[in-house]
């Protein structure tokens, strides 16, 4: 629909009430004209995932490990002065509350500079040779880019192997050589790897400009290109391939990809095809894709198995942004970050009269984080506008709407006190919509103001589930076959909700407002990465270790290019202590990597890492007589607020008379 038609629809609402007449006039003459937020206001989402600082973009498919999901995403600590992303990690048990764990795969680690999108798998059978249960990352990097190519991201794209032997907390590159070379391609990125159990091999889907290539491998190191699937929806990114059982009991394959359907009047989000996959070739049921979201800001989407029903249900999430205006956000000035994700959804496959479609709803786990639920009951709206008593900036609104004859129906969200600013979600004749033109938004002078999704005009009922957070709105229509997810930069003071109907009356039944706890992550803190030529500032050393520093030789499992090793200073006979400066225990967990001699604290000739509080050792760990760094996780939640030090003790002089440590990190 043209912008003129959109304005006429808003004006129809305006004629229903004098207040809305002003709304339409102001909104149409000054789209996106919200006043700036007060300096003390926050735009950080209350219950959606946000990056702790700086920048994030593509989510990476979470992987289930040790009772939690590891969620990785592209992170740039140098934003906005320098391009280039690392992989940062957050953990979650339910897909709603996340705990930051810091950087898992650093950029500038090898000659290939930064890391782009890819995927991780748990190599249970040790096919790659890094050990059973190693977490393997297949990721796009530029193959030995020049400084000029690094600056503009134009280096040849290829696929590289990284690995983790500490449960996916930290990764190291398997050399600088690609396991899937570029081969003369232009765009060649975002590998998504799955295990093909029927054929006993790995399958990777990789985007190659306007097509998706299918590759297979027995060991994650040697790959063979098998086939391709072409598309007409621009440069494709972030492919997805999975099997799922529909509600009628039949099993299907789904191929998804982030695509640009704008030229065809379609979304720029996650396109997908249902079809079959024989281990080599994907065959679609239809050449025309469907779209998992019809809004403007559901990009680089990933899906993953629901562990409780892996074939019947999946989860999904996406980056709530658009490359057309990716840097345009108030969060950077107000809160020092740019990067918000959609809510995690539960995704199923449903059969309709016209074929199979994915449907999605916010994950059921969201309900467990509710702080209040307000039941507003049944509300009648008679050809006009009706304000609700409720006000808020972060909530879920659910309602069952019914009507007999109607022109337009919906809700104005984030309404300003004078009614001049608002975002509209509703149904108009043969489409549902989300319109953000009348408030702050990232594309104020561009075409991305109102999103549409198909609607059957013969229907006279609709269930609307709307998630509103401080910079986002997600509208789930009926069973979630159609969803609109878009950024909306409403002023923090704009908190109203109005119901409206034009051309008739409507009933909003079972109307509830749910508020949620503040789920903002506390950033992880690296106490020491031992990367310098001397120990980090404030660290002290005694005995043989006076005047020494971290070692730069390679230790299996090491993070970065150096680690602490008490072998330095005299080998196994060296003795002494290396002690951190005092720090406050203000997170729930203290993580680190340890290797070396097995000589527990309190035993003769100990080699141990100890946590000291009030002069007492309250946590301790020792090596396992190997040189492979393994992870240790201390729960320090009972010690919150107390001052502590970490001390590395080496009193052993015989075989395995030394200890290694790396990457001391505080996190939730």
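Name the residues in the range 278-293 that are in contact (Cβ under 8 Å) with a residue 60 or more places away in the chain and over 12 Å from residue 259 (Cα atoms), would you? If the condition is that a residue be in contact (Cβ under 8 Å) with a residue 60 or more places away in the chain and over 12 Å from residue 259 (Cα atoms), then 279, 280, 281, 282, 285, 286 are the ones that fit. Whether a residue is modelled with pLDDT of 95 or more, in contact with a strand residue (DSSP E or B) (Cβ under 9 Å, 6 or more places away or on another chain) and not in a strand (DSSP E or B) was assessed, and residue 228 does not pass this test. For residue 574, the requirement of being assigned to a loop (DSSP other than H, G, I, E, B) and in contact with a helix residue (DSSP H, G or I) (Cβ under 9 Å, 6 or more places away or on another chain) is met. The listed residues are 100, 94, 190, and the only one of them that is in contact (Cβ under 8 Å) with a residue 24 or more places away in the chain, in contact with a helix residue (DSSP H, G or I) (Cβ under 9 Å, 6 or more places away or on another chain) and under 20 Å from residue 62 (Cβ atoms) turns out to be 94. Examine the range 217-224 for a residue that is surrounded by 17 or more Cβ atoms within 10 Å (Cβ to Cβ), assigned to a strand (DSSP E or B) and in contact (Cβ under 8 Å) with a residue 40 or more places away in the chain, and state whether such a residue exists. Looking through the range 217-224, none of the residues is surrounded by 17 or more Cβ atoms within 10 Å (Cβ to Cβ), assigned to a strand (DSSP E or B) and in contact (Cβ under 8 Å) with a residue 40 or more places away in the chain. Looking across the range 382-407, the residues that are over 12 Å from residue 497 (Cβ atoms), in a strand (DSSP E or B) and more than 35 Å from the chain's Cα centre (by Cα) come down to 382, 383, 384, 402, 403. Taking the conditions exactly as written (at negative phi and more than 38 Å from the chain's Cα centre (by Cα)), does residue 566 satisfy them or not? Yes.
The values are calculated or read from the model by the stated rules, or taken from the named source; none is laboratory data. What you see is a predicted model, and the numbers here were worked out from it, not measured in a lab. Virtual Cβ from ideal backbone geometry, glycine too; neighbours counted across all protein chains shown.
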